[in-house]
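To start, the structure itself, in structure tokens.
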Amino acid sequence: MAAADEYAEMPPLPRPPARVFVGGRTARTSPTGSPRLPGSKYYTLRYLLNALLAGGESRVRAPALSDDTATLVRAMRALGARARWERDKADVWSLTVSGTAGRLSPPAGGVLHMGNAGAALRLLVGIGALLPAIRFETDHPDSLGRRPNADLLAALRAIGIETESKEPGGMLPITLRGGPPAGGAVTVSGAQSSQYVSALLYLGPLLREGLDITVAGGLRSAPLVRVTLRALAAAGVSVRARKDLSRFQIPEAQRFMPRDYWTPGDTPSTAALVAAARALEADLRLDGLAWADEDAQALVGALETLGAPLVERPMEANGGALRLRGAAQGSPKSGSVREIDCDPVIDSVPALVALACLTPGETRFLNGANLRAKESDRIGDLCSELACAGADVTPLEDGIIARGQPNGIEGGATVAAHDDHRVAQALAIVGMASERGLIIDGADAVAKSYPWFFEDLERMGALVEVR
């Protein structure tokens, strides 16, 4: 590795503009390069938590370089870990972490500031129960501050942790007192978010009695719990899980082992790039995803349902590339109706809805009620802004109906990202395929997961102007 470069937060990243114009069909330019797929947010978060809780030194290679990662690294340092950034000769960044061996230090002032990092918040609330007291706060009250955590807090109370939160819903600020718990049996609802289950899966191995977790009410986004199980196994942590993920038995007093991790590419960012390539009628090739993972397979299935002309499809057994042909050959016919289950591709839904707005026929996105409790209301807010742009969409209680307009969406409007990176990406995709383009307020929300998103759109042939 090259000499270490340590930053207070993380390596320098492009800062997206707060307001951009994304040109429509007549404003396309010549492509100048290929997109740079970000590292997986899902795996980055879990590998860094592994490193935080391990003794000794771990390395996470090619992590997601984003605001969420910066927030998590600051939290790790506040909890007693040391982390330094390094870059190798191939220009690949990595984080080397000296962990805490599960013995967390209280943060300065007893407070962790969580920015707008929702998944990081919930997993850290789980392991924060190890401390005698800790408080979690945010400076995004209308985004992270409105996301509920009541089911996770109820599970922590059941094993002896005192909790305080903003009600209703167990929202930030959140205070925990009385840790560490002994462990034992606990029931947690999985009906709203899989992150509550993952939070307990990270806490359980460090408790003197372990945890026996029963999941009530079904389990949302089950593929992401399987990501958690794979990440824990990579750190040498043992969890016995039922096949249907309804129960987990975690042996007591385990150790997280230091490891060297390689981060795959990000699945929801793949969805955004494929939809952008379709809007631009551009060819695209992407490598590096964990193609055997359920969410990646579900995404490929959803793209094929929407008629994306995939000329190379990754196989579960041997991985490989995903390659898209820019021409529209093979698209669904007008008048056709199709359904997509939101749950296994939950974070890819906004980009898929944008793609559906450009695809002949009607697409029904169903089983996605928890979209309303993301960084924004990804049903109501997204539909409102897409309708403003001229798209034909109908919000449902648990999903969205999109009626494709392959001949073009009007555009010519100013729309808002609602402090939500996925909404900003979806609006950009529709803007590129519109007649008059779109002005996006709050476009800098993409820094949460994909800071160079608009730069990559320009490389692919989109017109992007700061307004």
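Considering only Leu245, Gln195, Leu104, and ranking their Cα positions along the charge dipole of the chain that arises from unit charges at the beta-carbon of Lys, Arg, Asp and Glu, the one farthest toward the positive end is Leu104. Rolling a 1.4 Å probe across the protein heavy atoms gives the stretch 288-429 an accessible surface of 34 Å² per residue. For the stretch 42-57, list residues with backbone N below 15 Å from a point placed 7 Å from the Cα of Asp260 toward its Cβ? Hits in the stretch 42-57 for Asp260 at 15 Å: 57. A simple packing score, the average count of other Cβ atoms within 10 Å per residue, orders the peptides 243-249, 272-278 as 272-278, 243-249, with the highest score first. Counting charges near Ile409 (Lys, Arg +1; Asp, Glu -1) among other residues having Cβ under 13 Å from its Cβ returns a value of -1.
For the stretch 259-274, the Karplus equation 6.51 cos²θ - 1.76 cosθ + 1.60, evaluated at θ = phi - 60°, returns couplings of 9, 10, 10, 10, 8, x, x, 8, 5, x, 5, 4, 4, 5, 6, 5 Hz by residue, with Gly and Pro reported as x.
Amide H contacts for Val20 (H built 1.01 Å from N in the peptide plane; partners 5 or more residues away or on another chain; cut-off under 5 Å): Ile440, Ala443, Arg467. Between Leu13 and Asp341, the distance separating the two model label sites (each 7 Å from Cα on the Cα→Cβ line) works out to 3.2 nm. Backbone phi angles across the stretch 246-252, fed through the Karplus curve with coefficients 6.51, -1.76 and 1.60 (θ = phi - 60°), yield HN-Hα couplings of 8, 8, 9, 10, 10, x, 7 Hz in residue order; Gly and Pro are listed as x.
Annotation: lysines with alpha-carbon distance below 16 angstrom to Lys41 (same-chain offsets under eight excluded): Lys374, Lys448. Carbon-plus-sulfur accessible fraction, the chain (probe radius 1.4 Å, protein heavy atoms only): 47%. Each of Gly404, Val393, Ala373 was placed along the dipole of the stretch 336-440 (beta-carbon charges, centred on the mean Cα), and the one lying farthest toward the positive end is Gly404. In the complete set of protein chains, residue-level accessible area for Trp262 is approximately 150 Å², probe 1.4 angstrom.
Using only side-chain charges placed at the Cβ, +1 for Lys and Arg and -1 for Asp and Glu, the dipole size of the chain relative to its Cα centre rounds to 860 debye.
Modelled spin-label separation between Arg285 and Gln249, with each label point placed 7 Å from Cα along the Cα-to-Cβ direction: 4.9 nm.
With bins 10 Å wide beginning at 0, the percent of Cα pairs of the chain falling in each bin runs 4, 21, 31, 26, 14, 3, 0.
Dividing the helix sum by the residues of the chain, where each DSSP H run of 4 or more adds -39500 (n - 2.57), gives a mean residue ellipticity at 222 nm of -8500 deg cm²/dmol. State the answer as a single residue: which of Ala62, Ala433, Val20 lies farthest towards the positive end of the charge dipole of the chain, with beta carbon charges of +1 for Lys and Arg and -1 for Asp and Glu, about the Cα centre. Selected residue: Ala62.
The values are calculated or read from the model by the stated rules, or taken from the named source; none is laboratory data. No experiment lies behind these values; they were computed from the predicted model shown. Reconstructed Cβ throughout: ideal geometry from the backbone, glycine too, with neighbour counts over all protein chains shown. Heavy atoms of the whole protein, side chains included, go into the accessibility calculation; ligands, DNA and RNA do not. Shrake-Rupley method; radii C 1.70, N 1.55, O 1.52, S 1.80 Å.
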